[in-house]
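Asker: Got a structure here, written out as C-alpha cells. Questions coming.
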C-alpha cells in the first residue's frame, strides 16, 4: 500500500479534527473499513457511550471472578482506566485482521503488501516494474512435526509455544521512490496513504498493510523496519530505520543516513523487514503468490530468492504497461448520509449546487437542479448549512435519474490475457474467458472477468481449482468467505457433466479464474483475502461464470458428439464385416465382392448416421 | 419311405430358397448404396385371426421391417450369420440344437450371442421370415416332446439300417414312450377310441399305473405343461391318420385353458406361421371346467392376480376364445367364481376317483365338452 499524497485524519490527536464543528456521524474510514473500527470511532464521537460499554464489560467480568472481597467499581474508578486506543494498538492486538494470524501467513502477507505497493507505484509512475523479493532464513530451519509428535503435542498438558523461524525479507522495486519526509509516515503509521480517499483502481486501498507488516516484524523480533529509497533526481539514496510507536500510532525514526544506490535504475525503493515466520512451498506460498502475480501482471519482471538460495526469474512477457486507470469522483448513488455530511464539511465549494456538480461524477447543472426540485429546496450556501437541508438533498438523490459512473477508470486484464494466465497454470483442452461490461455497486464501478479451463491434464477426481484475483492481486486465503466461492458453489455444474456435492464446488477437470477490478474492491477484512458479498458483485460473477459455462457446454457437447460419432463408427465397423462374411458364405461371392459390399454398407451407414 | 424323403427335401428346399432370396436381396440393396431390410411377420396374438373352418390361429398380414441402421447393425449381422449357419446345416444334412447354435455363435467374435435367449429370438425371427419350421432350418429344440402310453404302435425307422421299427406303447410298463423331436416320418397303428392329452405328469402317472388306457381303450399323452411343437405335431398326425377324437384334461385354471389347451388346439401367436401344422383343431376340452368345480365339489385355490389378468386377456385379445361363446361363458364363470381347481384335486374323493367316477362320467358325454 503506497501512501503518498494525503494524510489520514482519524487517529492522530494532533490533527485538526477538533476544529470541525459539524456533526460527522460516520467518518470516511468507517464507511469503507466497516464495523471493526467502530469501537475506535464511537469512542471519539461519544465517549459516554463507550464508558457504558466498558463499564458493563468490566462489571460482568468482576462479578464472575469472585464473590468475596468484591469491590464494585464506580464511574470515577472506571474513568481512571478509560483511555483512547490507538489504531496501532488495536491492530497490534488484532493482527489477524490484517493477515498476520500465523507465521506462515504473516510472511506471505508481508511479501504481498510490499509487492502490491511496488506494482502500484511503478504503474502510477509509468515505469515497467522490476521487483526482487529476497527471503533469508536467520534461524535454524524447524522441521515439521511428525504426525506422532503432533499427536503427542495435542495430548500433552504442558504446551510449549510453537517454535518459529526468523526471516529477513527484502523487497526492492524500480519505482519512483518516496520523498524522504514521507517515509516515516508511510511506513511508520497505520492508516496513512494515498489510495484511501480516491476512487481509482489500485492494488493497495487502505494504507495499513506495509506499516502493519513492519509493526509485526518489530513485535516478533524487535528489529526495526529498514527503508532505502532513491528519487530519480537525487544522486544518493537515503536509508531510514524506524519502528511504530503503537501507543500513539506514530513513527519512531531510529536512524537516517544517505547511501549510494547500487542499482541501474534511476529510482526505486527497498523495504527490509525482519520477522518471525514460516516458509513453506505449495499452496498459499510465496512462490505461488509470485507466480500468480506474473500471470496477472505480464508487464512486470519478478525475481525471487528463496531461503535456500534458489533464484527464480520471471521476465516480463510484454513491454506494454496496462492503460493507467483514471481516478473518478464518487457517484452520488453510492454515498451514505454520514459520508455525504463529511463531504459537505470538507468541500471548498461555496454552495450546495457547486458542491454537487464539482464533487460527484455524473452530476451536471441539470441533474443538480433536478435534485433541488425533488428536495423542494433552492440552492443554499454551505457556509453554515442546516443539517436537515443536507439530509433532504441526500434523500432526494436516489429519486433522480443519474447516469451510471464512468467506467473507463477500470482496467480489466482482458479476455486474451486471462486465457493465457490460466493456460500457464493448467494444461487443459479447452479455454474460454469473458470480460463483463462494467457494473456498479454502492456507486463504485467494477468489472468482473472470468476464465475457465476444462479437460486435458486437469484431474477429474478433484474439486474445481479456483484462482481469485482482485485488482490483479492474487487472493490466496479464505476462499470460503469470498463472494466468488459463494457464487460458484451455488451454481448448478451438473449440466456440464460435472459431479457436484451439495453446496460445494464441482468435482471434475475444470479450473476457473475470477478477477474483480474496481476503484474500491470491498474486502471482508483489512487483510484483503476475500471479497464481500455485495449482491451486484455476486450477480456479475454469476453472469461471467455462466457465460463461460455456456462456452463450456458447447465444448462439452461438441466433444461428446465427436466421441459419440467415433463410437458409432467403431460400432458399425465392428459388425458390418460379419454381414459381408455371412453374405459371402450364403451367396458364394468372391472376397472382392464381399469387401465391396462391406465398404458400401459402411459408407451408407456413416452417411445416414450423420443425417440422424 | 420315399414320399417322406420327398417331403423332407421339399421342406429343405423352402428353407434354402428363403435363405438365398433374403441374402440376395440384402446383397443387391447394399451394393446399390441403399439400406438393406429384413421383413418378417409380426409375431404376436394381435397378428393372428381364427377361423372355425380352418381351425387354427392363422397369420395376418402385419409385417415388421428391420432396416440396417446403427442400432440394428449387430442384430442384422447375427441374423445373417445364423441364416448362413442354417444353410450350412442343410447343405451338410446336419442338425444343431438351439443350445448348440448358441455355442456356434461363439466363433463370431463381437457378433456372438451373450445369452441363449438372444440366439433363440433370432432363430424365431428367421423361422417367421422364411415361414418355415425351426426343424426345417435344422435347428432342434432342447425340450422333451411329451410321453405316450396306451394302445398304439408307432412305426419309426432304425437309424442304421433304415428298417421299420415298431414301437408298442403298451409295452413300457410303468414308463412311457417319449415323443421324438421330429415326428414327420412316424406312422401309426392303433385300435384305440380316443386320445387323452393330460397336463400333468402326476395325473398321467396315476392313469398309467392303473393301466387306465386298457380300461378305456385310449392313448394317454402327457403334455407336461404347454405342449411342445413335437407333441402338438405328434397328436395332430396321429389324430388325422387314425381319425381319432382328442380330449384334453388339464387343470381348471386360466393357464390350463388359455395357454395349454389353446396352444394344443389352435397353435400359438408367437409362431403363427407354423400353426397350420402344429396344432390339433379337432381337440376338445374335457376338464376341469368351472362347472366341474361345482359339480364335483372340488377343493379350490383363489385366482391370483396374474390368473385373472390372463383370463381377461383371453376374453379380450384371443381370437379363439372370442369366437366360441361357450368359452366366453366358461372363462367368465371362472373369473366370477374367483377360484381355480387342479386335476389332482379329484383325489379328495379318493385316489382312484378320477378313474372310477370322473373320467367315465365325463366320457359318456363328449358332446358336452367345451370346443
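Just so you know, all these numbers are worked out from the coordinates, no wet-lab data involved. What you see is a predicted model, and the numbers here were worked out from it, not measured in a lab. Cβ coordinates were reconstructed from backbone atoms using ideal geometry, including for glycine residues, and neighbour counts include every protein chain displayed.
Asker: Using a 10 Å cut-off on Cβ to Cβ distances, tally the other chain neighbours for every residue of B:66-74 and report the average as a whole number. Could you put the intermediate results ahead of the total?
Answerer: Numbers: counts 0, 1, 8, 6, 10, 3, 1, 11, 5.
Average neighbour count from other chains, rounded to a whole number: 5.
Asker: Can I ask one more? Could you work out the mean count of beta carbons from other protein chains within 10 Å of each residue's beta carbon in B:81-87?
Answerer: That average works out to 4.
Asker: How far is helix B:229-242 tilted off the main Cα axis of chain B, in degrees rounded to 10, range 0 to 90?
Answerer: 60 degrees
Asker: Hey, another quick one. Over the alpha carbons of region B:236-327, what is the largest minus smallest coordinate on each principal axis, giving the biggest first in Å?
Answerer: Over region B:236-327, Cα extents along the principal axes are 39, 28, 20 Å.
Asker: What is the fewest-to-most order of B:169, B:218 by other Cβ atoms lying within 10 Å of their Cβ?
Answerer: On the way: B:169 22, B:218 25.
Least crowded to most crowded, the residues run B:169, B:218.
Asker: OK, next. Quick one: Cα centre-to-centre distance for region A:400-435 and region B:301-346, in angstrom?
Answerer: 76 Å
Asker: On full extension of the chain, what length is gained from residue A:136 through residue A:305, given 0.36 nm per residue of separation minus the C-alpha to C-alpha distance?
Answerer: Difference between extended and current length: 60.0 nm.
Asker: Compute the normalised compactness of chain B: alpha-carbon radius of gyration over 2.2 N^0.38 Å, N being the residue count.
Answerer: It is 1.07.
Asker: Quick one: grab Rg to one decimal and Dmax as a whole number for region B:147-368, Cα atoms only, in Å.
Answerer: Spelled out, the Cα radius of gyration and Dmax of region B:147-368 are 17.5, 59 Å.
Asker: Moving to a separate point now. Return the Rg/Rh ratio of region A:415-555 with Cα-based radii and a Kirkwood Rh.
Answerer: On the way: Rg = 14.0 Å, Rh = 14.9 Å.
Rg/Rh for region A:415-555 comes to 0.94.
Asker: To the nearest 0.05, what FRET efficiency results for residue B:178 and residue B:28 with a Förster distance of 51 Å applied to their C-beta separation? Please report the intermediate quantities before stating the final value.
Answerer: Values: r = 46 Å, r/R0 = 0.90.
Calculated transfer efficiency: 0.65.
Asker: Still on this model: With a point put 7 Å past each Cα toward its Cβ, work out how far residue B:13 is from residue A:374 in nm, to one decimal.
Answerer: Label-label distance for residue B:13 and residue A:374, simple model: 10.3 nm.
Asker: If you don't mind, there's one more thing I want to ask. Place a label point 7 angstrom from the Cα of residue A:427 along the Cα-to-Cβ direction, then list the residues of region A:438-459 whose backbone nitrogen is under 18 Å away.
Answerer: Answer for this model: A:453-459.
Asker: When each pair of different Cα atoms in region A:332-399 is counted once in the 1/r mean, what is the Kirkwood radius in angstroms, to one decimal?
Answerer: 11.6 Å
Asker: With the crude spin-label approximation of a point 7 Å out along Cα→Cβ, what separation in nm comes out for residue A:247 versus residue B:160?
Answerer: 12.8 nm
Asker: If you don't mind, another one. When you look at the Cβ of every residue in A:596-607, what mean number of other chain Cβ atoms sits within 10 Å?
Answerer: Shielding by partners across A:596-607 averages 4.
Asker: With the alpha-carbon atoms as the only input, what is the per residue convex hull volume for the protein assembly as shown in Å³?
Answerer: Output value, Cα hull per residue: 354 Å³.
Asker: Here's another thing I want to ask about it. log10 I(q)/I(0), Debye, Cα-only region A:396-435, no solvent, q = 0.16 Å⁻¹?
Answerer: Log10 of I(q)/I(0), two decimals: -0.57.
Asker: Beta carbons within 10 angstrom, averaged per residue: use that to sort the peptides A:509-522, B:112-125, A:249-262, highest first.
Answerer: My ranking of the peptides, most packed first, is A:509-522, B:112-125, A:249-262.
Asker: Let me ask something additional. Going by how many other beta carbons lie within 10 Å of each one, how would you line up B:130, B:242, B:334, fewest first?
Answerer: In order of increasing Cβ crowding within 10 Å: B:242, B:130, B:334.
Asker: Taking every alpha carbon pair in region B:2-140, what does the distance histogram look like in 10 angstrom bins from 0, in percent?
Answerer: Taking every Cα pair in region B:2-140, the percentages come to 11, 37, 36, 14, 2.
Asker: Determine the gain in length on full extension of the stretch residue B:309-residue B:170; use 0.36 nm per residue of separation and subtract their C-alpha separation, reporting nm with one decimal.
Answerer: 45.9 nm
Asker: Here's another thing I want to ask about it. Where does each of B:318, B:158 land when they are ranked from fewest to most other beta-carbon atoms within 10 angstrom?
Answerer: B:158, B:318
Asker: Here is a follow-up. First measure r as the distance between the Cβ atoms of residue B:211 and residue B:44, then evaluate 1/(1 + (r/R0)^6) with R0 = 45 Å and state the FRET efficiency to the nearest 0.05. Write down the numbers at each step before the final one.
Answerer: Numbers: r = 43 Å, r/R0 = 0.96.
That pair, residue B:211 with residue B:44, gives E of 0.55.
Asker: To continue, here is another question. For the pair residue B:20 and residue A:254, how long in nm is the line joining their label points, each one 7 Å along Cα→Cβ?
Answerer: 11.1 nm
Asker: Starting from the Cα-Cα distance between residue A:283 and residue A:83, subtract it from 0.36 nm times their residue separation and give me the gain in nm to one decimal.
Answerer: 67.7 nm
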